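Single-structure report; data block below.
The values are calculated or read from the model by the stated rules, or taken from the named source; none is laboratory data. The structure displayed is predicted, hence computed values, not measured ones. Cβ placement follows ideal geometry from the backbone for every residue including glycine, while neighbour counts extend to all protein chains displayed.
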Amino acid sequence: MKISFAPPHIDKAVIDEVVDTLQSKWITTGPKVAALENEMQNFTASKAAICVNSWTSGAILMLKWFGIKPGDEVIVPAYTYCATALSVLHCGATPVMVDIEEDFCISPNAIIKAITPKTKAILAVDIAGWPCNYDMLNNIIRDPAIIKQFTPESDKQRILGRILLIADAAHSLGATIDGQPAALKSDVAIYSFHAVKNITTAEGGCICLNLPDRFIIEEERRYLKMYTLNGQSKDAFAKYQGQGWRYDILFQGLKINMPDICAAIGLAQIKQYSEKLLPLRKAIALKYMRAFSTKDWFIAPPLFDFDRESSYHYFPLRIKNVTEQQRDLIIDDITKHGVSVNVHFIPLPLLTYFKCLGYNINNFPMSYLEYSTEISLPIYPQLTDKYTDFIIKAVVDAIDHQFYPNRPKATRRRPVPVLVNAR
Ligand SMILES: *Cc1c(COP(=O)(O)O)cnc(C)c1O
């Protein structure tokens, strides 16, 4: 059996929506993007949604929108995908890395220690779909002593008057806090629609705005849409619809708009997301949880507590008392069974480029611990029981083999049946 890690969910609805776009003869930014933005705004209960061509470009856009420039600092976790920190570097600013806590999310206490008068924003990452502790993060950025340190240098910074809280929600579409979309707990939540994410547009992303009412949201939305199209006053679709040929360039924008042909894929998926695709993900996560909970080597991932619930992007299995080398051997063993697993995340200070910039893994012990004991198991709607049973067996065999290499396989695999009331 061959089980891949995160294949996209391409059903007839997706194909029909894409074909519809092709037949309409309008393939770049137009009605499908508008429809996807509408779905995203409703699903996340946000004030506005703007689609872009990736999470990365969405993050660069929002940092530039806020006026982030060389000399500024943006706090990011060391345990994340490179794009989180690269988006800061692309603006010429400095990513200030801090460690995470045991739930994979950025440490609020480490943030407090890292804040300086140069701190302009925090990028908090919802790992595997588990929302960060946004209540604590909101308390930090609204703390009067921290507001007093904040030094606004752009119009948007003056309007906000404090550190901007951005959620790297690349994994967390559908995550909730207090039964509400988690996006409501940050100023800006940015989603990724890359091919492996819960919803995909092949490549793409979406910026959801929940800025305070001091901002005129419709104006910010229109400005950001223009920003994704070179700062052009009139988009191609408006011209196509006969609104005249003349346009103007109002500022130095980026070219990061999402095409309709991509939006069509995500549009067909998001329509099935809350009723079908997300519940299927949850069921798989719960099944893994039940299967491993009897194992003494198992460290349960955060999936839900009293107020938060994950979006079940993947299952971050952690194994007690393994070294990085043992974890790697376990992965080799699982892979031999044809099951693709992954590791989230190689902490940024272990990657060559960030090492060269001077980041040192010794300053991020929890990031290293989580990384070195973690194996990400696949979660996606196409994984029926037949597949998850197979994955669970491959994982349990591989880990038991690592811990109890001398135990004969037969007893491991087939426990002696206990006959109850056999007469
Ligand atoms: C996928 C991912 C990104 C980048 O998304 P793109 O759409 O590929 O730019 C950023 N952050 C995290 C945590 C991710 O997993």
Positions within segment 302-333 being assigned to a loop (DSSP other than H, G, I, E, B) and farther than 17 Å from Ile399 by Cα, in sequence order: Pro302, Leu303, Asp305, Phe306, Asp307, Ser310, Ser311, Tyr312, His313, Tyr314
Set Phe237, Phe193: member being touching a Ser or Thr at 6+ places or on another chain (Cβ under 7 Å), within 16 Å of the ligand (Cβ to nearest atom), under 22 Å from Ile261 (Cβ atoms) and of a type outside the set (A, V, I, L, M): Phe193
Answer residue from segment 146-164, given it is part of a helix (DSSP H, G or I) and of a type in the set (Lys, Arg) and is nearest to the ligand (Cβ to nearest atom) among those: Lys156
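Looking at segment 35-79, which of the residues that are part of a strand (DSSP E or B) and within 16 Å of the chain's Cα centre (by Cα) is nearest to Phe150 (Cα to Cα)?
Checking each candidate, the answer is Val76.
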Residue within segment 165-172 that is farther than 19 Å from Leu267 by Cα, in the same structural domain as Val33 (by TED's automatic domain parsing) and either outside any strand (DSSP E or B) or without any contact (Cβ under 8 Å) to a residue 40 or more places away in the chain (or both) present: no
Residue check for Asn138: more than 16 Å from the ligand (Cβ to nearest atom) and surrounded by 18 or more Cβ atoms within 10 Å (Cβ to Cβ): no
Segment 1-34, residues that are under 30 Å from Lys185 (Cα atoms), part of a helix (DSSP H, G or I) and touching a helix residue (DSSP H, G or I) at 6+ places or on another chain (Cβ under 6 Å): Lys32, Val33
Single condition Glu218 does not satisfy, out of (1) surrounded by fewer than 14 Cβ atoms within 10 Å (Cβ to Cβ); (2) over 25 Å from Ser46 (Cβ atoms); (3) at pLDDT 95 or above: (2)
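From the list Gln382, Gln326, which one is surrounded by 14 or more Cβ atoms within 10 Å (Cβ to Cβ) and in contact with a Pro (Cβ under 9 Å, 6 or more places away or on another chain)?
Gln382
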Given (1) within 24 Å of Asn133 (Cα to Cα); (2) surrounded by fewer than 22 Cβ atoms within 10 Å (Cβ to Cβ), index of the condition Thr294 fails: (1)
